[in-house]
Amino acid sequence: NAGVTQTPKFQVLKTGQSMTLQCAQDMNHNSMYWYRQDPGMGLRLIYYSASEGTTDKGEVPNGYNVSRLNKREFSLRLESAAPSQTSVYFCASGTGSEKLFFGSGTQLSVL
Amino acid sequence: GEDVEQSLFLSVREGDSSVINCTYTDSSSTYLYWYKQEPGAGLQLLTYIFSNMDMKQDQRLTVLLNKKDKHLSLRIADTQTGDSAIYFCAESITGGYNKLIFGAGTRLAVHP
């Protein structure tokens with residue numbers, strides 16, 4: 001059972017480079033989320049998509065864009081990476097009661 | 001504002017009980033959750049409690065909720081080395097959409 005699949009698992013970027021983090025879920029969930037996890041802090045919501053065709057900003061959206069390509073896929077794009085975006089990124093999907101299922105994370109370093 | 005606080009570290013001996021505590025600020029929380037994160041992995045939902053409940057037991061896990069004090073705890077009975085992980089408390093906030101607010105996580109270390 002795949003659940004929530006994220007790619008890549010690791011990435012190193014130079015300041016100013018762009019990249020897209022991919023996420024796919026096979027649980028037929030309507031809601032999908034992108035979080036970032038920084039040391040000593042809880043997970044912070046970047047963007048979410050309540051249903052296919054909709055996206056909304058979370059707590060820390062600056063510097064990111066998202067695309068809900070279809071019900072399964074929700075991608076996160078960094079247009080011009082900055083060192084402050086060094087973090088671990090988690091994609092999640094959920095049911096209406098918001099019990100979230102998480103991917104295994106992408107560790108991103110921006111030099 | 002919305003805030004969830006946890007102590008950052010707990011060390012227990014194998015076989016003892018572990019108690020991880022959490023406080024939250026939003027009285028309108030509908031659900032409160034405990035997630036577990038093992039090294040190199042995503043968060044895994046351990047258990048959750050609805051805000052109108054006081055206690056929930058699930059095998060070795062007991063969740064206690066004190067709504068008056070906005071205090072949530074997770075007790076793990078007979079703690080094993082496989083329980084070593086980071087445990088996150090989270091509250092569910094409704095208001096346009098369901099949003100989870102996470103604490104910073106408690107790292108549980110189990111030693112022989």
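The values are calculated or read from the model by the stated rules, or taken from the named source; none is laboratory data. Predicted, not measured: the structure shown is a model, and the values here were computed from it. Reconstructed Cβ throughout: ideal geometry from the backbone, glycine too, with neighbour counts over all protein chains shown.
Just a few scattered comments:
- Given (1) in contact (Cβ under 8 Å) with a residue 60 or more places away in the chain; (2) facing another protein chain (nearest Cβ under 10 Å), index of the condition B:ALA41 fails: (1)
- Qualifying residue in the range A:51-63 (condition: assigned to a strand (DSSP E or B) and of a type in the set (Ser, Thr, Tyr)): no
- Residue pairs whose Cβ atoms lie under 9 Å apart, sitting 6 or more positions apart in sequence or on different chains, and linking a residue in the range A:1-28 that is closer than 17 Å to A:PRO83 by Cα to a partner that is basic (Lys, Arg), are A:SER18/A:ARG77; A:MET19/A:ARG77; A:THR20/A:ARG77; A:LEU21/A:ARG77.
- The range B:66-107, residues that are free of Cβ contacts under 8 Å to residues at least 12 places away in the same chain and in contact with a Cys (Cβ under 9 Å, 6 or more places away or on another chain): none
- Checked against the criterion of being in contact with a Gly (Cβ under 7 Å, 6 or more places away or on another chain) and β-branched (Val, Ile, Thr), the range A:4-26 has at least one qualifying residue.
- Which numbered condition B:ASP58 fails, given (1) within 11 Å of chain A (Cβ to nearest Cβ); (2) surrounded by fewer than 14 Cβ atoms within 10 Å (Cβ to Cβ): (1)
- When the range A:37-50 is limited to residues that are under 20 Å from B:PHE88 (Cβ atoms) and assigned to a loop (DSSP other than H, G, I, E, B), the one that is modelled with the highest pLDDT turns out to be A:ASP38.
- Of the strands (runs of 3 or more DSSP E) that lie entirely inside the range B:1-58, those containing 3 or more residues that are among the polar types (S, T, N, Q) span B:18-24.
- Top-ranked residue of the range A:30-62 - restricted to ones that are surrounded by 14 or more Cβ atoms within 10 Å (Cβ to Cβ) and of a type in the set (Gly, Ala, Ser), ranked as farthest from the other protein chains (Cβ to nearest Cβ): A:SER49
- Within the set B:VAL110, B:VAL63, the sole residue that is without any contact (Cβ under 8 Å) to a residue 40 or more places away in the chain and buried (at least 20 other Cβ atoms within 10 Å of the Cβ) turns out to be B:VAL63.
- So A:GLY63, is it out of contact with any Leu (no Cβ under 9 Å at 6 or more places or on another chain), modelled with pLDDT of 95 or more and at positive phi: no
- In the range A:90-109, the residues that are more than 17 Å from B:LYS99 (Cα to Cα), buried (at least 20 other Cβ atoms within 10 Å of the Cβ) and more than 9 Å from chain B (Cβ to nearest Cβ): A:THR106, A:LEU108
- For B:LEU74, the conditions (1) under 10 Å from the mean Cα position of the chain (by Cα); (2) within 14 Å of chain A (Cβ to nearest Cβ); (3) crowded, with 19+ Cβ neighbours inside 10 Å all hold with the exception of (2).
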